[in-house]
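Undergrad: Structure incoming, see below.
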Amino acid sequence: EAGVTQFPSHSVIEKGQTVTLRCDPISGHDNLYWYRRVMGKEIKFLLHFVKESKQDESGMPNNRFLAERTGGTYSTLKVQPAELEDSGVYFCASSHGGDRGEKNTEAFFGQGTRLTVV
Amino acid sequence: GENVEQHPSTLSVQEGDSAVIKCTYSDSASNYFPWYKQELGKRPQLIIDIRSNVGEKKDQRIAVTLNKTAKHFSLHITETQPEDSAVYFCAASPQGSARQLTFGSGTQLTVLP
């Protein structure tokens, strides 16, 4: 089974530019999460989709961040305009429906996109 | 909201020794506690998890203990090997699943040959 894939793996952009990150979850996973790890700190929750709907976006830092999940499949996270403090590793994760029993609670992570804003 | 503290931030052990990483959480409603291992350049992967109705869980050389009263949980790795070297993250969730995970800041474990 293919894992969670993220694109690009690295991105270096200038302050003020726009960047769009993409995440393809494991097929059939309704839950899709975005997380971010700033250098040396904890992995922080950004938002959670259930299918195409935003279940929880309480972790989104500000309105420069926009996440979408068209058709409940892949998701994009756009940062516009990017600021220096947006640098970090952006992780996407997916999991099965949370109501299907304990065995489906594991969140599978992608390898992350390392974003550097200069 | 939930706050998870993780210690130590770095840990070096000799091959064959044990390693212990500790986490505390603030939200008494948290009931699911996974541990993730991230090797250099790779994705975080779940290595073990525990629920609030269990005090200890073991899987070969890895064990996790949970003290609900004190709101802390720990990862124990015995007979460490060089391939155990990685960053380990603890996390907590009040929803019994991967929803609403709050992560600790990570522990860089280095196993010295």
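The values are calculated or read from the model by the stated rules, or taken from the named source; none is laboratory data. Since the structure is predicted, the reported quantities are computational estimates derived from the model, not experimental observations. Reconstructed Cβ throughout: ideal geometry from the backbone, glycine too, with neighbour counts over all protein chains shown. The accessibility values were calculated without ligands, DNA or RNA, using every heavy atom of the protein model including side chains. Shrake-Rupley method; radii C 1.70, N 1.55, O 1.52, S 1.80 Å.
Undergrad: Any chance you could count how many residues in the range A:44-61 are touching a Lys or Arg at 6+ places or on another chain (Cβ under 7 Å) and within 14 Å of chain B (Cβ to nearest Cβ)?
TA: Looking only at that region, the number is 6.
Undergrad: Condition first: open to solvent by 70 Å² or more (accessible area, probe 1.4 Å) and either touching a strand residue (DSSP E or B) at 6+ places or on another chain (Cβ under 9 Å) or within 24 Å of residue A:112 (Cβ to Cβ) (or both). Now tell me which residues in the range B:19-40 satisfy that.
TA: Going residue by residue through the range B:19-40, those that are open to solvent by 70 Å² or more (accessible area, probe 1.4 Å) are B:22, B:28, B:40.
If the condition is that a residue be open to solvent by 70 Å² or more (accessible area, probe 1.4 Å) and either touching a strand residue (DSSP E or B) at 6+ places or on another chain (Cβ under 9 Å) or within 24 Å of residue A:112 (Cβ to Cβ) (or both), then B:22, B:40 are the ones that fit.
Residue by residue, here is whether (1) within 13 Å of the chain's Cα centre (by Cα); (2) modelled with pLDDT of 95 or more holds:
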{"residue": "A:74", "(1), (2)": "yes, yes"}
{"residue": "A:80", "(1), (2)": "no, yes"}
{"residue": "A:83", "(1), (2)": "no, yes"}
{"residue": "A:87", "(1), (2)": "no, yes"}
{"residue": "A:100", "(1), (2)": "no, no"}
{"residue": "A:108", "(1), (2)": "yes, no"}
{"residue": "A:112", "(1), (2)": "yes, yes"}
{"residue": "A:115", "(1), (2)": "yes, yes"}
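Undergrad: Just checking, does the range A:73-93 include any residue being under 24 Å from residue B:51 (Cβ atoms) and outside any strand (DSSP E or B)?
TA: Filtering the range A:73-93 down to residues under 24 Å from residue B:51 (Cβ atoms) leaves A:91, A:93.
Right, trim to outside any strand (DSSP E or B) and you get none.
The answer is no, given that none of the residues of the range A:73-93 is under 24 Å from residue B:51 (Cβ atoms) and outside any strand (DSSP E or B).
Listed here are the residues, each with its yes/no results for (1) touching a residue at least 40 places away in the same chain (Cβ under 8 Å); (2) out of contact with any Phe, Trp or Tyr (no Cβ under 6 Å at 6 or more places or on another chain); (3) part of a loop (DSSP other than H, G, I, E, B).
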| position | (1), (2), (3) |
| --- | --- |
| B:43 | no, no, yes |
| B:50 | no, no, no |
| B:53 | no, yes, yes |
| B:57 | no, yes, no |
| B:75 | yes, no, no |
| B:79 | yes, yes, yes |
| B:90 | yes, no, no |
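Undergrad: Any idea which of (1) over 13 Å from the mean Cα position of the chain (by Cα); (2) within 11 Å of chain B (Cβ to nearest Cβ); (3) basic (Lys, Arg) is the one residue A:64 doesn't satisfy?
TA: Of (1) over 13 Å from the mean Cα position of the chain (by Cα); (2) within 11 Å of chain B (Cβ to nearest Cβ); (3) basic (Lys, Arg), only one is false for residue A:64: (2).
Undergrad: Every residue in the range B:52-77 that is open to solvent by 40 Å² or more (accessible area, probe 1.4 Å) and within 14 Å of chain A (Cβ to nearest Cβ), please.
TA: Hits for the range B:52-77 are B:53, B:54, B:57, B:59.
Undergrad: Filter the range B:1-18 for residues that are facing another protein chain (nearest Cβ under 10 Å) and open to solvent by 60 Å² or more (accessible area, probe 1.4 Å); which is modelled with the lowest pLDDT?
TA: Of everything passing the filter in the range B:1-18, B:1 is modelled with the lowest pLDDT.
Undergrad: Tally time: how many residues in the range A:24-43 are surrounded by fewer than 16 Cβ atoms within 10 Å (Cβ to Cβ) and not small (Gly, Ala, Ser)?
TA: Qualifying residue count for the region: 3.
Undergrad: Consider residue A:41 carefully, then state whether it is in a strand (DSSP E or B) and either within 14 Å of chain B (Cβ to nearest Cβ) or of a type outside the set (Phe, Trp, Tyr) (or both).
TA: no
Undergrad: Could I ask something else about it? Restricting to the range B:19-51, and then to whatever is aliphatic (A, V, I, L, M) and closer than 22 Å to residue B:94 by Cβ, can you tell me which residue is farthest from the other protein chains (Cβ to nearest Cβ)? Quick ask: steps written out before the conclusion?
TA: Quick first cut of the range B:19-51, residues aliphatic (A, V, I, L, M) only: B:19-21, B:29, B:40, B:46-48, B:50.
Narrowing further to those that are closer than 22 Å to residue B:94 by Cβ: B:21, B:29, B:46-48, B:50.
Working: B:21: 14, B:29: 15, B:46: 5, B:47: 11, B:48: 11, B:50: 11 Å.
By that ranking, first place goes to B:29.
Undergrad: Go through the range B:1-41 and count every residue that is outside any strand (DSSP E or B) and touching a Pro at 6+ places or on another chain (Cβ under 8 Å).
TA: Within the range B:1-41, residues that are outside any strand (DSSP E or B) and touching a Pro at 6+ places or on another chain (Cβ under 8 Å) number 6.
Undergrad: Restricting to the range B:92-113, count the residues that are assigned to a loop (DSSP other than H, G, I, E, B) and either basic (Lys, Arg) or within 14 Å of chain A (Cβ to nearest Cβ) (or both).
TA: So the count comes out to 11.
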